Amino acid sequence: MEKLIVLIVLLFSALATGGLMVNWIALGRAMSRLSASAYVEFHQHTNHTFDPYMPIVVVGALAGGAALAVMYGVYTTSGQLAAAGAACYALILIITLPTNLRINHQIATWSIQNPPREWAQVRAQWLRFHVIRTLFSVPAFGIYVLAVMSNTSR
């Protein structure tokens with residue numbers, strides 16, 4: 001059962017980190033090269049893809065880290081590493097909810113044919129917070145891997 005839990009936690013964590021990385025490295029770079037109307041349309045469409053998916057995998061990664069910490073014991077190195085990784089995923093949510101998610105909802109109301117004048121500033125703000133949350137996600141995944149590898153209770 002422990003191996004199944006570890007597999008599920010690492011899967012959720014990899015999907016969360018991978019989703020954030022793809023959005024930064026590929027989609028973010030593409031979005032920065034688009035015209036105002038193209039950007040708004042692209043962002044609105046990607047929101048329909050990422051908005052249902054990302055909360056599931058990020059919350060799953062966070063809950064999974066908490067489960068690993070309890071399973072390994074919070075006073076063990078493995079348990080403390082798992083807790084640290086979970087804290088990183090918690091920070092991703094703390095960053096996302098008041099910034100990226102709020103901006104996503106704002107962009108969802110924009111007209112594709114007539115975007116607001118400040119669209120480029122909003123895009124830059126969204127990307128800045130996205131990079132920050134992604135930079136918490138990458139170590140979180142690595143910390144989970146270290147927690148699993150350092151677990152000596154096998």
### Message
Can you list residue pairs whose Cβ atoms sit under 6 Å apart, with the first residue in the stretch 110-130 being more than 16 Å from F42 (Cα to Cα) and the second being hydroxyl-bearing (S, T, Y) and crowded, with 17+ Cβ neighbours inside 10 Å? Count only pairs 6 or more apart in sequence or on different chains.
### Response
F129/T99
### Task
Just give me the residues in the stretch 118-154 being more than 25 Å from A66 (Cα to Cα), aliphatic (A, V, I, L, M) and surrounded by 14 or more Cβ atoms within 10 Å (Cβ to Cβ), in sequence order.
V122, L127
### Message
Condition first: basic (K, R) and over 23 Å from the mean Cα position of the chain (by Cα). Can you find one or more residues in the stretch 109-130 that meet it?
### Response
yes
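Where a number appears in this text, it was derived from the coordinates with a stated rule and is not lab data. This structure is a prediction, so every number in the text was calculated from the model and none was measured. Cβ sites come from the backbone with ideal geometry, for glycine too, and all protein chains shown count toward neighbours.
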